[in-house]
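What follows is a short report on a single structure.
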Amino acid sequence: GDLKICSEISVDAEDAEDAEDVRQGPDDVAATVELDVGNPVRAAESVVDALQVLVLTDLELCFWPPSPASEAEARAALRRLRPCSRRRALLAAQRTLRDRGLPTVLGAVQAELDQLCAHPPAVPSGSQGSGLVDATAAAAAVSGIWAHPSLRVCELPGRGRGLVTSAALAAPQEVLRVPEEALLNALSALQSVHFGPTAKALLLTGMHAETVGMLFAVAERRRCSSKADAPWAELLLTAPDLADSTQLLAWPCEALEALGSKQVATVVQDALDSIWGLCREVSNAVKAMPEALTKCLGGLISFDDLLWARCLFDSRAVEVDIEAPAALRWSGSAGATVAEPAPDAGFQWLLLKGLDGQASWVRFPMRVASLAPVVDFMNHHANGVMASPVFDPKRRALVVSTAASVAAGAEICLSYAALQNWELLMHYGFCPAENPHDRITLNVAPEESPEAAVCEVILNHQGIPTDHALRPATAVDAEETDQGAPAATGKWEALGVLPPQLLRCLRVLLADEPMSVELDAPPGGVVGLDTRCLEVIEDLLQGLLEPLTLTLSTDLSRPLWWPQYGDLVEMFLTSQRELLAANLSAA
């Protein structure tokens, strides 16, 4: 018979692409999966299905049917969540199986990942684009950047500059390697001939490492404008000015209001307030420094300087774990008067000498935001073929490798994160036409009343959340709609794109006697109450649609900001209207 192998699979929070959306609970969750290694395709499917459940975020779990759910209902939920979670599950399966001695099963996982991430050619067959190898060769003596010979830099319609490959690439395979000295970050600021003493002085005042890196970027941009001798010179000098930036932080308030979201406007304002606070902190720190240390800044640091640096780091920096060079962590002649502090999770201790000659320990993050030349050419795709960049501590270099195989002529993309459309606008300045990670989050909480405490107890006891995500319709949803909605089957998939946990939550909040409601009954199983719940959902969605209507009948009625931001406003509003319309159809 077939060999059966039981394997425990553990998944950390790192397997979720958005750190803010990881499931609240134990640090690790696990499942035991029985693998039929005689059928590697089926075994791979079992592993990936299990991991797809384990990597689901709290908001994605809103779409999971309540227990006891049939296997068919569970698989229907997995199918609906596939566009936003399958890639995460496949990458987790790769890591899980890599050292388990199951090459055929791992091969089947790789085959599915290759298929999921396959994209049509971005450039015509035989097109060479502008040679990336030629572009980096000129800087190789300074930066030592290595790129796979097949990589090309191309201007892609609607996507700007990107990277494509002129030949097929296997997976996993390194395609870019950027040495430590070519990364612009707080660590390179400390080691800079021009900026090093200033960076040390700023860190010793308690300034955050990323702020020091941002100030280094501002100073280097000014310096490189007259002498472009740094490996990151082109990256800094070609970065858009604030007037040309499409990130939300640089938008005029009238354009921001046109998005029709008070929550987004609040987030943007909070970020701008934070930059104002940072501006005051930097100003005070610079005033207290000797003139010899402030000269390297190249002038005063204004709010616009910090806003430009914030936009640059948001849109182009990568965060990777980097252990600081030994020279910054310990030196026998450094003159430290105290021993190294105790380890602190997520941080490391640097030993820096101040102006008085005394060395002090400075708490420094392990994850370092870094601007990496050439890597910043990589555009975003929800199913990007590239694995997240990592820092190789042995080679002291940032390494980017393929996670899936790439066809000749295809663009090589990263997945920036599981971000909503407003987040992509906020941090990167674009809004995709299709985004499986987009969502509108509803907070449905009991109003203050004598019955509210009872409802809260029931919700907590039943594990029913009060935050629920509305997700866009996908090809899976459209296929099921074409085949006919399963409303008559009395199963949870009858809700379509609506989350089952939202119906359970409303049953508790709207019931006359919530203690006696059958919360786990399928849709329609609680006669009368379910109709009320769906009517409330419909009214709520209609209310959310109202501010998303922007009518500009002629060019003369369009505001001054429209030429630069109008297309993005329309794309965002269209995406939100379509998302709400899909959920209204289900209600």
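The values are calculated or read from the model by the stated rules, or taken from the named source; none is laboratory data. Just so it is clear, the model here is predicted, and its values are computed rather than measured. Cβ placement follows ideal geometry from the backbone for every residue including glycine, while neighbour counts extend to all protein chains displayed. Keep in mind that these areas ignore ligands, DNA and RNA; they rest on the heavy atoms of the full protein, side chains included. Shrake-Rupley method; radii C 1.70, N 1.55, O 1.52, S 1.80 Å.
Can you compute the helix-only [θ] at 222 nm over the chain? Use -39500 (n - 2.57) per DSSP H run of at least 4 residues, normalise by all residues, nearest 500 deg cm²/dmol. All intermediate terms of the calculation are to be shown ahead of the outcome.
Details: 19 runs with 238 residues, N = 587.
It lands at -12500 deg cm²/dmol.
Enter the angle in degrees (range 0 to 90, nearest 10) between the Cα long axis of helix 262-287 and the first principal axis of the Cα atoms of the chain, meaning the one along which they spread out most.
Approximately 20 degrees, to the nearest 10.
What whole-number value in Å² describes the accessible area per residue of the chain for a 1.4 Å probe?
On the way: 27830 Å² over 587 residues.
Heavy-atom accessible area per residue stands at 47 Å².
Give me the accessible area of GLU538, 1.4 Å probe, in Å² rounded to the nearest 10.
For GLU538, the solvent-accessible surface is approximately 80 Å².
Could you size up the charge dipole of the chain around its Cα centre, putting +1 on the beta carbon of Lys and Arg and -1 on that of Asp and Glu, and report it in debye to the nearest 20? Could you put the intermediate results ahead of the total?
Numbers: 43 positive and 77 negative charges, 464 e Å.
Its charge dipole is roughly 2220 debye.
Rank by packing, highest mean first: peptides 227-235, 380-388, 453-461, with packing defined as the count of other Cβ atoms within 10 Å averaged across residues. Walk me through the numbers on the way to the answer.
Values: 227-235: 18.4, 380-388: 20.6, 453-461: 15.1.
Final packing ranking: 380-388, 227-235, 453-461.
Under the Kirkwood approximation applied to all pairs of distinct alpha-carbon atoms, what is the hydrodynamic radius of the chain in Å? Could the numbers behind the result be given before it?
Details: mean 1/r = 0.0374 Å⁻¹.
So the Kirkwood estimate lands at 26.8 Å.
To the nearest 0.05, what FRET efficiency results for MET366 and SER516 with a Förster distance of 51 Å applied to their C-beta separation? Please list the in-between numbers first.
Working: r = 52 Å, r/R0 = 1.02.
Once the sixth-power term is evaluated, E becomes 0.45.
For segment 369-419, run through the trypsin sites (Lys or Arg not before Pro) and keep only the ones in DSSP coil with at most 10 other Cβ atoms within 10 Å of their Cβ. Write out the running numbers ahead of the final one.
Working: sites: LYS394, ARG395, ARG396; in loops: LYS394, ARG395, ARG396.
The qualifying sites are LYS394.
Quick one: with all protein chains in place, what share of the accessible area of the chain is carbon or sulfur, to the nearest percent (1.4 Å probe)? Walk me through the numbers on the way to the answer.
Working: 14830 of 27830 Å².
It is 53 percent, rounded to a whole number.
Helix 303-316 sits at what angle to the longest principal axis of the chain, using alpha carbons and giving 0 to 90 degrees rounded to 10?
60
Can you tell me which of 90-96, 347-353 comes out highest on packing, and rank the rest after it, using the mean Cβ neighbours within 10 Å? Don't skip to the end; give the middle numbers.
Numbers: 90-96: 22.6, 347-353: 18.9.
Result, highest mean Cβ count within 10 Å first: 90-96, 347-353.
What order, most packed first, do the peptides 67-75, 564-572, 406-414 have when packing is the mean number of other Cβ atoms within 10 Å of each residue? Could you put the intermediate results ahead of the total?
Values: 67-75: 12.3, 564-572: 18.0, 406-414: 21.2.
Descending packing order for the listed peptides: 406-414, 564-572, 67-75.
How many nm separate the modelled label positions at PHE303 and LEU242, each set 7 Å beyond the Cα in the direction of the Cβ?
Label at PHE303, label at LEU242, 0.8 nm between them.
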